[in-house]
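Undergrad: Structure below; questions to follow.
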Protein chains: 2
Amino acid sequence: MDTADCARLIRNGDRRALARAITLVESARPDHRAQALALLGALREPRREALRIGLSGTPGVGKSTFIETFGLMLTGQGLKVAVLAVDPSSARSGGSILGDKTRMERLSRDPRAFIRPSPSQSQLGGVARRTREAVALCEAAGFDVVLIETVGVGQSETVVAELSDLFLLLLAPAGGDELQGVKRGIMEMADLILVNKADGDLKPAALRTVADYAGALQLLRRRPQDPPGFPKALPVSALADDGLDAAWEAMQTLVAWRKEHGHWDRTRAAQARHWFEEEVRQGLLAALSREPQKGLMASLGDRVAEGALTPEVAAAEMLRLLGR
Amino acid sequence: MDTADCARLIRNGDRRALARAITLVESARPDHRAQALALLGALREPRREALRIGLSGTPGVGKSTFIETFGLMLTGQGLKVAVLAVDPSSARSGGSILGDKTRMERLSRDPRAFIRPSPSQSQLGGVARRTREAVALCEAAGFDVVLIETVGVGQSETVVAELSDLFLLLLAPAGGDELQGVKRGIMEMADLILVNKADGDLKPAALRTVADYAGALQLLRRRPQDPPGFPKALPVSALADDGLDAAWEAMQTLVAWRKEHGHWDRTRAAQARHWFEEEVRQGLLAALSREPQKGLMASLGDRVAEGALTPEVAAAEMLRLLGR
């Protein structure tokens, strides 16, 4: 199928065309890459914009249940919802243990929802570009909300935060009165902390955890992109479908404020610039893995390993050969 | 002073010349950089080799006390000991809260010891190169053991492990029967886990922690560079000077085995190659911050931020301009 046909089908919301296009941007083959760039170019105008929501949470906090319940709430309001997963761990295991569609059975059968299982065998550098392009495809296909999920391994939160308009951190109720081992850097990225499982026996613990995080968030410096009272912590129960409406309301408040005060456009512009710079950096480094640079690196590296050259002297020589 | 004089003084173990040379390799000024490279070149042959020991541990585990007691034990055996610190956190605070010499008062007065406080205002990329060069200067000055300490913030353990012949992880006794929040990646780097504060009331907890970690280490895949029984966990008390002799014996066993089986040379060769490749990568990326590349990045970045170009298309254009 040619690019124009494929672009038209995606614009019309054809799910199979969208799925095929995501497979195309996931491919590392040069001819696929060229087709993918042509397709993304064809889909740029007229521009459609979704609300991109990043969601992070360690395994066991009920992320799948949250996405299912939250997604069904949004589709119930007539919104179209896409779910993408950024899962660097699947690079090792060769795919999620349970497919994402199995994890979210009801949502996956919803005609207004589109769930894309995480691809296997990927590198983090590639994950960012691929996910960014999959988000662009979902926006072109007319989705209103794109949920980008990460299991929070290594640098994946940073990648997801740089792709998102909103960043949610999903937590489980803590056992004691101590804050969970949430890294400060991740807390600083969160626009909303949602403490899940606020139901049944765990409800008191969940409310206590919310209070703990509310206190911790107050200690963080206020960011320019936040209205008063944000970032905030809220209790939710994905299982009992409780509190998700309040969470969605908070998200909409945040979005409206940011759009009104220019932060929405500024953030999107800064994110685009970030990904441009990152692509240039990756491209520069990738050149070292191609001949003839690869061979030069190997032979100079051999001389360093033998002790004939210091790392600094050999690096200066390599940079000279590269014209730097 | 010219390079030859300075090199001669360092070879003779002149501490002021060594301190000045480390200040020189810490400097970012181009003329200092040229002098530093000349000095390092002059000191390459005849080669002297120290045992490089990396030491990681979060604040509060008693790292300074350990270094002081361990260092004094080694100098008491007639060995010359240098202590270097890799502290990326000082980049923010502008230096350690307490100077390193204050932290190790007795060791700093020992004529066989040399303690170098961590420099302030540094970037992690620069930290690696600077520390590597400081280690080379200490080796040339005839030190037998170079201890490289890190507080374990972010990527600094990886940097220190790639600079070291041995990597020690210092821990405090755990409160419960759970393993402390030690990241798996750091445990996999450790050759020896030392549980400090194995004295007084904490001794039972320390021994329990040793047993927990011994169990956890057995679950890790054995690495080719380890003799049977390694990596291992041992209790120590830096305060009571207890168990440090056993820890030192374990280190020597490990070193002897690795030298005998060729791992020592192979590891050093691989480390040198790693630093060469890292220097090339840093050098390539640094070019983006210099004119005319910097200006091109900014103007293409502006067009991406405005939405006139996608990040991918702009990056491809930039790489074309760079001849990549």
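Undergrad: Would you confirm whether any residue within the stretch A:253-267 is farther than 27 Å from A:THR69 by Cα and within 18 Å of the chain's Cα centre (by Cα)?
TA: yes
Undergrad: Pick out the one residue from A:LEU170, A:LEU192 that is open to solvent by less than 10 Å² (accessible area, probe 1.4 Å), touching a strand residue (DSSP E or B) at 6+ places or on another chain (Cβ under 6 Å), among the hydrophobic types (A, V, I, L, M, F, W, C) and modelled with pLDDT under 95.
TA: Being open to solvent by less than 10 Å² (accessible area, probe 1.4 Å), touching a strand residue (DSSP E or B) at 6+ places or on another chain (Cβ under 6 Å), among the hydrophobic types (A, V, I, L, M, F, W, C) and modelled with pLDDT under 95 holds for just one of A:LEU170, A:LEU192, which is A:LEU170.
Undergrad: (1) at pLDDT 85 or above; (2) out of contact with any Phe, Trp or Tyr (no Cβ under 7 Å at 6 or more places or on another chain); (3) away from every other protein chain (no Cβ under 14 Å): which one isn't true of A:THR131, the others all being true?
TA: So A:THR131 meets the others, but not (3).
Undergrad: OK, next. Which ones in the stretch B:22-39 are of a type in the set (Ser, Thr, Tyr) and open to solvent by 40 Å² or more (accessible area, probe 1.4 Å)?
TA: B:THR23
Undergrad: In the stretch A:20-41, how many are closer than 18 Å to A:VAL127 by Cβ and touching a residue at least 24 places away in the same chain (Cβ under 8 Å)?
TA: Total meeting the criteria: 7.
Table: residues versus (1) more than 25 Å from the chain's Cα centre (by Cα); (2) among the hydrophobic types (A, V, I, L, M, F, W, C).
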| site | (1), (2) |
| --- | --- |
| A:GLU188 | no, no |
| A:LEU192 | no, yes |
| A:LEU202 | yes, yes |
| A:ALA205 | yes, yes |
| A:ASP212 | yes, no |
| A:ALA216 | no, yes |
| A:LEU219 | yes, yes |
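Undergrad: Go through (1) within 18 Å of A:LEU239 (Cα to Cα); (2) more than 14 Å from chain B (Cβ to nearest Cβ); (3) modelled with pLDDT under 90; (4) open to solvent by 10 Å² or more (accessible area, probe 1.4 Å) for A:ARG116 and report which single condition fails.
TA: For A:ARG116, the failing item is (1).
Undergrad: Something else about it: List the number of the failed condition for B:PRO224; all other conditions in (1) within 10 Å of chain A (Cβ to nearest Cβ); (2) at pLDDT below 90 hold.
TA: (1)
Undergrad: From the list B:GLU306, B:GLU277, B:GLU249, which one is within 13 Å of chain A (Cβ to nearest Cβ), within 29 Å of the chain's Cα centre (by Cα) and modelled with pLDDT of 90 or more?
TA: Exactly one residue qualifies, and that residue is B:GLU277.
Undergrad: Here are the criteria: (1) among the small types (Gly, Ala, Ser); (2) at the interface with chain B (Cβ under 10 Å from one of its Cβ atoms); (3) in contact with a Gly (Cβ under 6 Å, 6 or more places away or on another chain). Tell me which single one A:ALA238 does not satisfy.
TA: (2)
Undergrad: Going by what's in this entry, would A:LEU79 be described as in a loop (DSSP other than H, G, I, E, B) and under 18 Å from A:ALA247 (Cα atoms)?
TA: yes
Undergrad: What number goes with the only condition from (1) within 14 Å of another protein chain (Cβ to nearest Cβ); (2) touching a Ser or Thr at 6+ places or on another chain (Cβ under 9 Å); (3) on the phi > 0 side of the Ramachandran plot; (4) not basic (Lys, Arg) that B:GLY323 does not pass?
TA: All conditions are met except number (2).
Undergrad: Looking at the stretch B:283-293, is at least one residue at the interface with chain A (Cβ under 10 Å from one of its Cβ atoms) and acidic (Asp, Glu)?
TA: No, the stretch B:283-293 contains no residue that is at the interface with chain A (Cβ under 10 Å from one of its Cβ atoms) and acidic (Asp, Glu).
Undergrad: Still on this structure, please answer the following. Here is a check on your reading of the model: is B:GLU162 touching a strand residue (DSSP E or B) at 6+ places or on another chain (Cβ under 8 Å), at negative phi and within 14 Å of chain A (Cβ to nearest Cβ)?
TA: So B:GLU162 fails the test.
The values are calculated or read from the model by the stated rules, or taken from the named source; none is laboratory data. Quick caveat: nothing in here was measured; it's all calculated off a predicted structure. With ideal geometry, Cβ positions are generated from the backbone for all residues, glycine too; neighbour counts draw on all protein chains shown. To get the accessible areas, we keep the full protein, side chains included, count just its heavy atoms, and leave off ligands, DNA and RNA. Shrake-Rupley method; radii C 1.70, N 1.55, O 1.52, S 1.80 Å.
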